[in-house]
Structure formats: C-alpha cells, structure tokens
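S.K.: Here's a structure for you.
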Amino acid sequence: MADKQISLPAKLINGGIAGLIGVTCVFPIDLAKTRLQNQQNGSRLYTSMSDCLIKTIRSEGYFGMYRGAAVNLTLVTPEKAIKLAANDFFRHHLTKDGKLTLFKEMLAGCGAGTCQVIVTTPMEMLKIQLQDAGRLATVNSQLTAQRKLMPETVAAGSVETKSPTAMQLTRELLREKGIAGLYKGLGATLLRDVPFSIIYFPLFANLNNLGKKNADGPAPFYVSFLSGCAAGSTAAVAVNPVDVIKTRLQSLNRGSTEDTYSGVTDCIRKILRNEGPGAFLKGAYCRALVIAPLFGIAQVVYFLGVAEFLLSFLPKKDN
C-alpha cells in the first residue's frame with residue numbers, strides 16, 4: 001500500500017468507509033454476476049448483465065437489485081479493513097532497507113487474501129443465497145407452469161423456493177451444521193481470494209508507483225484511482241473461473257433440473273461435461289465492472305486519508 005505510516009485505527013476506518021461506498025455503488029452488478037454464474041444450460045433465464053438487471057427490476061422491483069446488500073454492507077467493513085490493513089502490515093514487515101521485491105509483494109498479498117476469508121466466506125455464503133433467490137423462484141415457477149401444461153411428464157421433487165432473510169439463513173445453518181455451515185466453500189474462497197490478492201496488490205503498487213511525480217511523494221488522486229481500477233479488473237478476470245466454482249458450491253438451493261456439487265473437483269468435472277469450458281467465464285465482465293470501481297474507490301479513500309481527517313477531530317490525550 002502506501003509508503004506513509006498510518007495508524008491501525010485509521011487503516012481499519014479507511015477500509016470500512018471504502019467498502020461501504022464501493023458496495024453501495026456496484027451491488028446491482030454483483031447481483032447480476034451471481035445470477036449469471038449460477039444459471040445452467042437447462043435453466044437459462046438471462047442472456048447478459050443488462051438483461052438480468054431489467055428482468056430483475058420487472059419481476060422484483062428496483063430494490064430487488066439490492067437483495068443481500070444488507071449482509072454485504074454489514075460485513076464489508078471488517079472484510080475490506082482486514083484485507084487492506086493486512087496487506088499493509090505484511091508489506092511493512094517484509095520491506096528491507098526500504099525495498100520490497102516482487103516476490104515479497106506477492107507474499108504480502110497472499111497473507112492479506114488468507115486473512116480476509118475469515119469474514120469473506122460467511123458474507124459470500126449468505127449474500128449468494130439472497131441474491132439468487134429471485135432467479136430460483138422464476139426457474140421453479142416456469143417449471144411448474146410447464147408441468148401443468150404437460151401432466152404426463154410431471155416428475156416428483158419440484159422445489160419450492162422462498163425468500164429467506166439473512167438472520168433466518170444464519171440461524172438455520174448454525175442449527176443444522178454449526179459454524180461449519182457458514183464456512184461452506186471455504187476452500188474455493190481461498191482459491192479465489194489468495195490468487196486475487198497475489199495479483200492485485202503487487203500490480204496496484206507498481207502501477208501506482210509509475211504515476212508518482214517523485215520517489216518520496218504519494219501518487220496523484222487520479223493515479224491511485226486508475227491503478228486500483230486496472231489492477232482490480234485484471235485480478236478479477238484472472239480468478240473468475242474459481243469464482244464461478246465458489247458461487248456454485250455456496251448455493252444451497254438449486255432448481256430441480258440443475259446440478260448439485262459435492263466439492264471443487266466434482267464441480268469442475270460437471271461444469272466441463274455439461275456446459276463446456278466457456279462456463280468458467282460466466283459473469284467475468286460483471287465481476288470486472290464490480291471490482292474495478294470497488295478497489296478504485298478503496299484506494300482513493302485509503303490514500304486520501306479520510307480516516308485520519310475524521311480522527312483529527314477526536315480530543316487528544318495529554319501525555
């Protein structure tokens with residue numbers, strides 16, 4: 001991250017503010033990403049991001065695009081705070097004689113990605129159920145309509161999809177599976193977030209350094225923003241295949257004609273067999289559109305020192 005030393009409270013506040021602003025701006029695109037990644041060939045509802053958003057508004061209203069936003073807004077503050085602060089922490093301790101090699105930059109990103117899954121996994125787990133509920137309701141209503149028209153082909157096992165709340169989901173998962181229920185897909189989350197951070201943080205740092213007017217000073221406002229956008233979108237597309245796997249594994253409910261998966265290997269095998277390699281790129285451009293401004297905003301808030309400004313109003317303790 002930045003070369004300047006920032007207090008831990010400031011790092012956490014900056015990360016939290018950046019996350020709240022970023023998620024609010026891009027959440028509808030993230031919802032479209034989840035629905036596009038989850039739909040299978042036999043239950044294809046959406047042809048593109050715009051088609052998904054238009055159909056969502058028509059069937060669920062404007063606020064339907066923000067299903068699961070409350071979970072994200074609640075947990076994104078600790079998630080982003082951990083990610084940004086951990087990377088800064090590792091970079092600081094890996095720096096020797098004022099220099100940080102590319103390998104150590106990647107190592108710092110690896111540490112940041114590993115730390116953040118503590119919060120990311122349950123957040124994504126709950127968010128995906130809420131985001132995908134509307135798609136499942138439409139899939140199952142269409143199947144019900146088809147079965148009424150063709151009673152001779154009726155098959156048992158029609159799935160009735162409700163729209164649960166985050167608290168209902170949490171209580172149900174804790175009751176049935178304990179804390180492990182909230183961490184379903186942890187392995188896939190690690191496979192996504194660790195490589196993402198390994199790519200993102202070194203790429204951002206080097207792009208940001210290219211825009212510095214002098215070696216000791218910070219990069220201009222627009223350079224940090226553009227560096228965050230470029231590094232974020234590049235890393236997002238690179239790890240999108242794993243994001244598809246993670247989304248499929250963390251979806252607890254599926255349409256009655258959709259595949260279920262027992263693990264990462266089973267998920268890869270079934271996607272390749274039934275949908276082809278191109279399925280791993282589902283939602284890639286949506287994810288790039290989500291991550292680019294999200295991390296652009298994060299870096300700007302972090303480098304502008306919004307938290308330092310806010311903390312300056314607190315009364316200082318006398319020594």
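The values are calculated or read from the model by the stated rules, or taken from the named source; none is laboratory data. Just so we're clear, the structure is a prediction, and the values are computed from it rather than from any experiment. Heads up, the Cβs are rebuilt from the backbone with ideal geometry, glycines too, and the neighbour counts pull from every protein chain shown. Protein only, heavy atoms only, side chains kept; ligands, DNA and RNA dropped before computing areas. Shrake-Rupley method; radii C 1.70, N 1.55, O 1.52, S 1.80 Å.
S.K.: From Cα pairs below 8 angstrom and at least 6 apart in sequence, can you work out the relative contact order of the chain, rounded to a whole percent? Display every interim value, and only then the final one.
M.R.: Values: 461 pairs, mean separation 88.1, N = 319.
Relative CO of the chain lands at 28 percent.
S.K.: Which one, Val223, Ile245, Tyr66, projects farthest toward the positive side of the charge dipole computed for the chain from Cβ point charges (K/R +1, D/E -1)?
M.R.: Ile245
S.K.: Taking a ≥ b ≥ c as the square roots of the eigenvalues of the Cα gyration tensor of the chain, is the shape rounded (a/c under 1.5), prolate (a/b larger than b/c) or oblate?
M.R.: It comes out prolate by the Cα gyration axes.
S.K.: Taking all protein chains together and a probe of 1.4 Å, list Arg175, Arg269 from the most accessible to the least accessible. Write out the running numbers ahead of the final one.
M.R.: Details: Arg175 175, Arg269 120 Å².
Largest to smallest exposure gives the sequence Arg175, Arg269.
S.K.: When ligands, DNA and RNA are left out and all protein chains stay put, how many square angstrom of accessible area per residue does the stretch 268-319 have with a 1.4 Å probe?
M.R.: On the way: 2960 Å² over 52 residues.
Counting only protein heavy atoms, the per-residue value for the stretch 268-319 is 57 Å².
S.K.: Could you pull out the pairs from Lys127/Lys246; Lys80/Lys127; Lys80/Lys246; Lys177/Lys270; Lys104/Lys127; Lys11/Lys127 whose alpha carbons sit more than 22 Å apart here?
M.R.: Over 22 Å Cα-Cα: Lys177/Lys270; Lys104/Lys127; Lys11/Lys127.
S.K.: For the stretch 162-319, just say rounded, prolate or oblate: build the C-alpha gyration tensor, square-root its eigenvalues into a ≥ b ≥ c, call rounded for a/c under 1.5, and beyond that prolate if a/b exceeds b/c, oblate if not.
M.R.: Oblate is the answer for the stretch 162-319, as a/c is 1.5 or above yet b/c matches or exceeds a/b.
S.K.: Sequence gap at least 6, Cα distance under 8 Å: using those rules, report the relative contact order of the stretch 1-113 to the nearest whole percent. List each step's numbers first, then the result.
M.R.: Values: 98 pairs, mean separation 40.1, N = 113.
With pairs under 8 Å counted, the relative contact order is 35 percent.
S.K.: Okay, next question. Taking the Cβ of Leu289 as the centre, find all other residues whose Cβ is under 12 Å away and add up their charges (Lys, Arg: +1; Asp, Glu: -1).
M.R.: The answer is +1.
S.K.: Probe radius 1.4 Å, ligands and nucleic acids ignored: give me the carbon and sulfur share of the accessible area of the chain as a rounded percent.
M.R.: Percent of accessible area from carbon and sulfur atoms in the chain: 65.
S.K.: Please list, in order along the stretch 292-308, the HN-Hα scalar couplings obtained from phi with the Karplus expression 6.51 cos²θ - 1.76 cosθ + 1.60 (θ = phi - 60°), rounded to whole Hz, x for Gly and Pro.
M.R.: 4, x, 4, 7, x, 5, 4, 5, 5, 4, 5, 7, 6, x, 4, 5, 4
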